[in-house]
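The values are calculated or read from the model by the stated rules, or taken from the named source; none is laboratory data. These numbers were taken from a predicted model, which means no experiment stands behind them. Neighbour counts run over all protein chains shown; Cβ positions are idealised from the backbone, glycine included. Calculation scope for accessible area: heavy atoms of the full protein, side chains included, ligands and nucleic acids excluded. Shrake-Rupley method; radii C 1.70, N 1.55, O 1.52, S 1.80 Å.
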Amino acid sequence: MCFILHSAAVRQGIVDTVKRALGDPKVKSVVICGQNGIFCGGADIKEFGTNMSGPPLVPMIHAIEAANKPVVAAIEGSALGGGLELALGCHYRIAHSKARLGLPEVSLGLLPAAGGTQRLPRLIGVPAALDLITTGRHVAAAEALQLGVVDRVAEHSTVDAAVKFALSVAAKPLDARRISTYPCPCPSDFDALFEGAMQKVRQNARGAIAPVACVQAVRAAATRPYLQGMEREKELMATLFTSGQARALQYCFFAQRAVSKWSMPNGARWDTSKPRPVHKAAVIGLGTMGRGIAVALAQTGLSVVAVETQEKQLMEAKQAVSGMLERGAKRRGLTPAALHKISYSHDIQAVADVDLVIEAVFEDMALKKKVFQQLSAVCKPGTFLCTNTSALDVDHLASQTRNPELVVGMHFFAPAHVMKLLEVVYGPQSSPQAVATAMQLGKKMGKVGVAVGNCRGFVGNRMLKPYIEQAFFLLEEGATPELVDRALEEFGFPMGVFRMSDLSGLDVGWRVRKGDGLVESGLASGQPTRLREGRRYSPLGDLLCEQGRFGQKTGRGWYQYDQPGSRVARSDPWFHSFLEEYRARHGLVARRIDHQEVLERCLYALINEGFRILEDGIAAGPEDIDIIYVFGYGWPRHRGGPMFYAGMVGLARVLERLEHYHQAHPDVPYLQPCSLLRRLVASGSPPVHRWREVIKKLHSQL
């Protein structure tokens, strides 16, 4: 017999139906299948943290496994989390060739707690189980068969194949099919295996506790009898379930969905703005960013026109893009069909018939203005014109065109074909359809798109500025690049400020500061001052650039490298003595700075700017900021994003520390707590999902 497994709400139905089937002498075997081509996506996350209704999952799976008639799982679509655990409780598993299976609980700060950590290692061995459980990755049916997770793969109707199979095994004994009774196959180098696994997850998890708990649970499967292992799984899950990390990861899960339902201040929303289809797109400028964008567009199956006016750059870009597409296809086991989707030209006239253009020329306003004037003249009416600027004024570029409502920013992050984040920037004249089209295109490219308003640096880079400045100030006051980076990396960032700066190149920020008129040459005026426009300023980065120290590309920056282009950062004695001389020249006395101060100064300055962005209406809500930081800036996902983290620390605490640091540094205006933060604290520090109400009130009073 077949019945439907839909969600946690129908567990009672499963229990009753299985009981009835097992008690009916006419029923010889049972097939469990899903509805609408999906076996089961696991528990409903919305139920987490509430009292789950209906019978619990574990006894239900035990009852299925203990059944005296064969139970076969017919897996179509996906069997994830509790869905796969249910399938592991069945005696046989048959999957459709296009099915995907996995235990993704770790990505929500949890572990598979319905026997997944105990049955899977018994079925497929410890190393393979550790890989699946600690990464949460999904596997295709072919790999699941190879690993031994499923018994057969069906090309056509899985249910028909399962019914046929179930009838053929109706009379066979079931003792050898109950996974919980299997011994766990233990490799001879058992201790070394678990030590290596623990080391690997600690390194990759950067402070996340769920992957560590997953290793501990699998270790229990390998060292304890099944029921004791289940007890350990339950204990570990209880610890994770109540942790702030699980809350943060689940918040990220929902926040990612929330940001795709964007809205604009004029009331235009994603569900009322119909995107226009894009069949042919163009990229102008084939530097690093332009190449990555061209690859990302071609991989979605669009026809792409790639324009680069400089012949040498065009030839290099052709080679680089082909290489990127070939490597991408190889990784996915495909032929690089996308190669034939790109045509190259050094003439901007080649974009005359495209539906959408992404400009990715050098970050220079005069050059970009010229390109937008040309595009406005060359493109067919109705073509969307997008700019990949990371900070320049999108409205100013729109004003160079005949139809400013067709202009939006599409700010990609390097490398553009890999990084998931896309900031879609709208100005006061951008049409909702232009925003919807850019968001839809981002989605097609596999990006997480966030719609944001136009201001200097938009959301991500605007918040990054005070974060980086505080790191510079900390060096002046007594810290070292090593100390600052260690504190931030222990917090969970993949790289600290100074290692990141060396990677992206110190000259990038230098060029921006020069454009803003902030750089005084230390050579021309003796020694540059530490004030600009009445605010504190650190010329440290400028002084290093004057020495030709641009980071990894020159082999010297905040750190030293064995050779230009090398990735391993080493402490640089030259920089340490340069820093001592710099402090002496400016009469600065170095003091002891601890990790706590590094985190508070850098992170709270960044968070305070986030509150200003909410106050200015540049981001619609805290979720938008958090998703930008998690997907674009390496903010540790298990800390939920900067705004969520502020709520976890306590808004009153963030306010108090900002007041403390602003008092100590009155010449740093952005340390002054934002009035929205003060309001939220005065309103009793509501949880992050209620901030929008306070923001709305604030905007209605402005």
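Below, the figures for the structure above:
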read-out: Amide H contacts under 5 Å for Ile32, placed H, 5+ residues apart; value: Val72, Ala73, Ala74
read-out: Cβ-based net charge around Val72, under 15 Å, with every Lys or Arg adding one and every Asp or Glu removing one; value: +4
read-out: Radius of gyration, Dmax [the stretch 479-585; alpha carbons; angstrom]; value: 14.0, 41
read-out: Local electrostatic count, Glu600, Cβ distance below 13 Å [Lys/Arg +1, Asp/Glu -1]; value: -1
read-out: Segments 139-148, 88-97, 342-351 sorted - mean Cβ within 10 Å per residue, highest first; value: 88-97, 139-148, 342-351
read-out: Under 19 Å from the Cα of Lys696 - lysines, other chains or at least 8 residues apart; value: Lys261
read-out: Whole-Hz ³J(HN,Hα) from phi, Karplus 6.51 cos²θ - 1.76 cosθ + 1.60, for the stretch 323-336, glycine and proline x; value: x, 5, 5, 5, 5, x, 5, 4, 4, 8, x, 10, 8, x
read-out: Percent of alpha-carbon pairs separated by more than 45 Å within the chain; value: 31
read-out: Highest-first arrangement of 470-483, 618-631, 158-171, 247-260, where packing means the average Cβ count within 10 Å; value: 618-631, 470-483, 247-260, 158-171
read-out: Virtual spin-label span in nm between Gln310 and His586, 7 Å along Cα→Cβ; value: 3.4
read-out: Net charge, Ser303 excluded, C-beta distance under 15 Å - Lys, Arg +1, Asp, Glu -1; value: +2
read-out: Unit charges on C-beta of K, R, D, E only; dipole of the chain, Debye; value: 1500
read-out: Between the stretch 620-696 and the stretch 539-604, the alpha-carbon center distance in angstrom; value: 28
read-out: Spatial extent of the stretch 280-458: Rg and Dmax, with the Cα atoms as the point set, Å; value: 15.0, 45
read-out: Inter-label distance, nm, simple model (7 Å from Cα along the C-beta direction), Ala142/Glu656; value: 5.9
read-out: Share of carbon and sulfur in the accessible heavy-atom surface of the chain [1.4 Å probe, %]; value: 54
read-out: Nearby lysines by direct alpha-carbon distance to Lys234 (threshold 30 angstrom, same-chain neighbours under 8 apart not counted); value: Lys19, Lys46, Lys69, Lys200
read-out: Spatially proximal aspartates and glutamates relative to Lys280 (Cα-Cα < 14 Å; intrachain offsets below 8 disregarded); value: Asp353, Asp355
read-out: Check: the stretch 117-222 dipole with +1 on Lys, Arg Cβ and -1 on Asp, Glu Cβ, in debye; value: 240
read-out: Theoretical FRET efficiency, 1/(1+(r/R0)^6), r = Cβ-Cβ of Gln374 and Ala329, R0 25 Å, to 0.05; value: 0.15
read-out: Length-normalised contact order of the chain in % [C-alpha pairs under 8 Å, at least 6 apart]; value: 9
read-out: Dipole of the chain [Lys/Arg +1, Asp/Glu -1 at C-beta], most positive-end residue of Thr401, Pro564, Met324; value: Met324
read-out: Cα pair distances of the stretch 609-702 binned at 5 Å [whole percent]; value: 3, 14, 23, 25, 20, 12, 3, 0
read-out: Heavy-atom surface of the chain, accessible at 1.4 Å and reported per residue (Å²); value: 44
read-out: Helix-only CD estimate at 222 nm, as mean residue ellipticity for the chain, using -39500 (n - 2.57) per DSSP H run (n ≥ 4); value: -15000 deg cm²/dmol
read-out: HN-Hα J in Hz across the stretch 574-584 - Karplus 6.51, -1.76, 1.60, θ = phi - 60°, x for Gly and Pro; value: 4, 5, 5, 6, 4, 5, 5, 4, 4, 4, 4
read-out: Whole-percent pair-distance distribution, where bins are 5 Å wide, for the alpha carbons of the stretch 88-148; value: 4, 18, 29, 30, 16, 4
read-out: Over the stretch 251-297: Rg over Rh, Cα atoms, Kirkwood Rh; value: 1.12
read-out: Assigned charges on the beta-carbon of Lys, Arg, Asp, Glu; the stretch 595-701 dipole about Cα centre (debye); value: 320
read-out: Over 27 Å [Cα-Cα, the stretch 103-252], rounded percent; value: 29
read-out: Share of pairwise Cα separations in the stretch 337-387, more than 13 Å, in percent; value: 62
read-out: Gain upon complete extension [Met648, Lys444; 0.36 nm per residue less C-alpha separation]; value: 70.1 nm
read-out: Under Karplus coefficients 6.51, -1.76 and 1.60, residue-wise ³J(HN,Hα) of the stretch 665-670 in Hz, glycine/proline x; value: 10, x, 8, 10, x, 6
read-out: Highest average packing first - 601-612, 126-137, 305-316, Cβ atoms within 10 Å; value: 601-612, 126-137, 305-316
